[in-house]
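Inspection log for the structure reproduced underneath, given as structure tokens.
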Amino acid sequence: MYDLILRGGQVLDGRGGEPRRTDVAVAGDRIVSVGDLPADEPAAASVDADGLVVCPGFVNPLSHSYLSVLEDGTSLGELVQGVTTQIFGEGDSMGPVPPDDRETLVREAAAYGVEVTWTRLSEYLDTVERAGCTQNVASLVGAATMRILGVGYDDRPATDDELDVMREVLAEEMADGALGIGSSLIYAPGSYASTAELVALCEVAGRVGGTYASHVRNEGAELLFAIEELLEIVRRSGVHGEMWHLKAAGETEWPLMAPALEMLQAARDDGLSVTADVYPYTWSGTGLSSNVPPHWHEGGPDALFDRLCDPDTRARIRAEMATIGRYGDTPDARNVLLLRLRHPDNARWQGHTLAEIADDRGHDPLDTALDILASERTSVFTAFHSMSEDNLRRQLAVPWVGVCSDAASIAPSGRSLDSPTHPRAYGSFARVLGHYTRELGVLTLPDAVRKMTSLPASTFGLTDRGVLEPGYAADLVVLDPAAVADRATFADPHQLSVGVRDVVVNGVLALRDGAPTGARPGRRLRRTRLS
């Protein structure tokens, strides 16, 4: 007897094939049959999928649910979109925890009610599985985390001995199933790493089938140089490459998207294994502190905030930022939306633009930004309107460009409601299926599903996920293609997406009839591609 049969759905295989009406049978945690079954075929559980689409569970190649998944293992914001696997590790990872940075992690985790009991990344992932979660989790090793472990927050090249330590620890994490290396090269201290240092780390990952995923060094005027660096690292080290949240940021840089796509396509044509992903919004989201040039971050976050509190140093920082003349990748403070403020004097400005706050305070926008950073002493999560809708549609149409959220999976309850957030946390996958596929026709439904399933699973070495065929993991989604849609906006961000009815993770129903079942069948995943 089967454990589960999904009957009569329009089945999409995740490879881009056309749908066919048939049945899907599951035994244990595996798909065992895709084909018509007798109506009286026995099963422990049955799902009527008539009139709906059945497809593989979605893989989010860039999630920030490191701590939120321990705070609330239901992970509702992404579960109701059909996400069954979250991948972590953009620059920072939950291990290996650098001894000198442990106190910072402990303090951050405490805000989520989480106790840091792990040291290695593999131990963290085991902790998530033991705690219970609805989705699978996997992670790259953060390149910035490795740099803090080996070098600290110094802005200098790693010595040979420091690099040896980083490579040795990385090899151990790769042996324990890490997916590869993840970098975020606009943020200190990750930005202090040279191309040669990144190649040296990626060589370790490349020998065992790992992936190098990167928030590249520049997404604005120097975008093409940043892509060339990514391609050089992939070429020299033998890793599989992924460019996270591909974008040309800043209106004057929008024309760079065409040559950027041409560069990446030419590398693929030459045999290089490189892909990319996007989130389906024209607003980015990052820390306001990222506007401060990287060299002022040397010594770590507290050192930066101390500098902002020193009048002479602050004046030098301000002068340099004024010369740059941009907030993120926009020169207009009206396009800078502050989302998360904690200081009592600042909290009333959550959800307001930097221009509005500056006008209210009677100060210059740049001085206002520095005042807020100095008082908050955190990065201050902020959205920046800097991308082109035309470019986004063009990127989505490229066969090797997938979909990510670049956000933590949250729910519209509890602490999440204390501040607004970027709608990508609630809507990225549903928005692609609804707005860009059904409404605009940028993608066909089979290809949209492929971009969320087999494409990221293959890129990150999860070779038994992302395809709906016998033998593959039973991560499955039942959705209504006529109803799936995002609901979250910047004005009303804490809104769950709609249209996904059922979600199966490792053969167990985690979402049924649109509601969580209470089951926590998610697992920590190990890289299954070994070369």
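The values are calculated or read from the model by the stated rules, or taken from the named source; none is laboratory data. Every value quoted in this text rests on a predicted model; they were computed, and no experiment measured them. Heads up, the Cβs are rebuilt from the backbone with ideal geometry, glycines too, and the neighbour counts pull from every protein chain shown. Side chains included, ligands, DNA and RNA excluded: accessible areas come from the protein's heavy atoms. Shrake-Rupley method; radii C 1.70, N 1.55, O 1.52, S 1.80 Å.
Could you count how many residues in region 263-317 are assigned to a loop (DSSP other than H, G, I, E, B), in contact with a strand residue (DSSP E or B) (Cβ under 8 Å, 6 or more places away or on another chain) and either more than 19 Å from Ile186 (Cβ to Cβ) or of a type outside the set (Ser, Thr, Tyr) (or both)? Step through it out loud before you land on a result.
Pass one, region 263-317, residues assigned to a loop (DSSP other than H, G, I, E, B): 270-273, 279-282, 292-293, 298-300, 309-310.
Those still in the list that are in contact with a strand residue (DSSP E or B) (Cβ under 8 Å, 6 or more places away or on another chain) too: 272-273, 279-280, 282.
Within this subset, residues satisfying the condition of being either more than 19 Å from Ile186 (Cβ to Cβ) or of a type outside the set (Ser, Thr, Tyr) (or both) are 272-273, 280.
Within region 263-317, residues that are assigned to a loop (DSSP other than H, G, I, E, B), in contact with a strand residue (DSSP E or B) (Cβ under 8 Å, 6 or more places away or on another chain) and either more than 19 Å from Ile186 (Cβ to Cβ) or of a type outside the set (Ser, Thr, Tyr) (or both) number 3.
Which of the following residues is more than 30 Å from His240 (Cβ to Cβ), touching a Leu at 6+ places or on another chain (Cβ under 8 Å) and of a type outside the set (Lys, Arg): Val34, Val47, Val59? Can you show your working first?
Values: Val34 fails: more than 30 Å from His240 (Cβ to Cβ); Val59 fails: more than 30 Å from His240 (Cβ to Cβ).
When all the criteria are applied, what remains is Val47.
Please go through (1) touching a residue at least 40 places away in the same chain (Cβ under 8 Å); (2) open to solvent by less than 10 Å² (accessible area, probe 1.4 Å); (3) outside any helix (DSSP H, G or I) for Trp118 and return the number of the only condition it doesn't satisfy.
All conditions are met except number (1).
Out of the helices (runs of 4 or more DSSP H) lying entirely within region 420-528, which hold 2 or more residues that are at pLDDT 95 or above and over 22 Å from Val137 (Cβ atoms)?
Working: elements: 424-431, 445-452, 454-459.
Passing ranges, in order: 445-452.
Any idea how many residues of region 319-339 are modelled with pLDDT of 95 or more and surrounded by 19 or more Cβ atoms within 10 Å (Cβ to Cβ)?
Residues in region 319-339 being modelled with pLDDT of 95 or more and surrounded by 19 or more Cβ atoms within 10 Å (Cβ to Cβ): 6 in total.
Among (1) without any contact (Cβ under 8 Å) to a residue 12 or more places away in the chain; (2) in contact with a Leu (Cβ under 7 Å, 6 or more places away or on another chain), which single condition is Val106 missing?
The single condition Val106 does not satisfy is (2).
Hey, among Leu37, Leu12, Leu4, which residue is open to solvent by 10 Å² or more (accessible area, probe 1.4 Å) and either under 17 Å from Val478 (Cβ atoms) or among the charged types (D, E, K, R) (or both)? Please lay out each step first, then the result.
On the way: Leu12 fails: open to solvent by 10 Å² or more (accessible area, probe 1.4 Å); Leu4 fails: open to solvent by 10 Å² or more (accessible area, probe 1.4 Å).
From the options Leu37, Leu12, Leu4, the qualifying one is Leu37.
Would you please name the residue that is least open to solvent (accessible area, probe 1.4 Å), looking only at residues in region 341-380 that are closer than 23 Å to Gly250 by Cβ and not hydrophobic (A, V, I, L, M, F, W, C)?
Thr368
May I ask you to list the residues in region 182-198 that are open to solvent by 10 Å² or more (accessible area, probe 1.4 Å) and closer than 9 Å to Asp155 by Cα?
Ala188, Ser191, Tyr192
Got at least one residue in region 465-478 being within 30 Å of His385 (Cα to Cα) and not basic (Lys, Arg)? Lay out the reasoning, then the answer.
Restricting attention to region 465-478, the residues satisfying the condition of being within 30 Å of His385 (Cα to Cα) are none.
Checked region 465-478: no residue is within 30 Å of His385 (Cα to Cα) and not basic (Lys, Arg).
Exactly one condition in (1) closer than 30 Å to Ser458 by Cα; (2) open to solvent by 40 Å² or more (accessible area, probe 1.4 Å) is not met by Arg316; state its number.
Every condition holds for Arg316 apart from (1).
If you go through region 50-63 one residue at a time, do you hit one that is part of a strand (DSSP E or B), open to solvent by 30 Å² or more (accessible area, probe 1.4 Å) and among the small types (Gly, Ala, Ser)? Steps first, answer last, please.
Going through region 50-63, the residues part of a strand (DSSP E or B) turn out to be 53-56, 58-60, 63.
Of the ones still in play, those that are also open to solvent by 30 Å² or more (accessible area, probe 1.4 Å) are none.
No: zero hits.
Go through the residues of region 236-249 one by one and say whether even a single one is more than 25 Å from Val199 (Cα to Cα), in contact with a Ser or Thr (Cβ under 8 Å, 6 or more places away or on another chain) and either in a helix (DSSP H, G or I) or open to solvent by 10 Å² or more (accessible area, probe 1.4 Å) (or both). Full working, then the answer.
Pass one, region 236-249, residues more than 25 Å from Val199 (Cα to Cα): 249.
From what is left, the residues that are in contact with a Ser or Thr (Cβ under 8 Å, 6 or more places away or on another chain) are 249.
Restricting the remaining residues to those that are either in a helix (DSSP H, G or I) or open to solvent by 10 Å² or more (accessible area, probe 1.4 Å) (or both) gives none.
Checked against the condition, which is being more than 25 Å from Val199 (Cα to Cα), in contact with a Ser or Thr (Cβ under 8 Å, 6 or more places away or on another chain) and either in a helix (DSSP H, G or I) or open to solvent by 10 Å² or more (accessible area, probe 1.4 Å) (or both), region 236-249 yields no hits at all.
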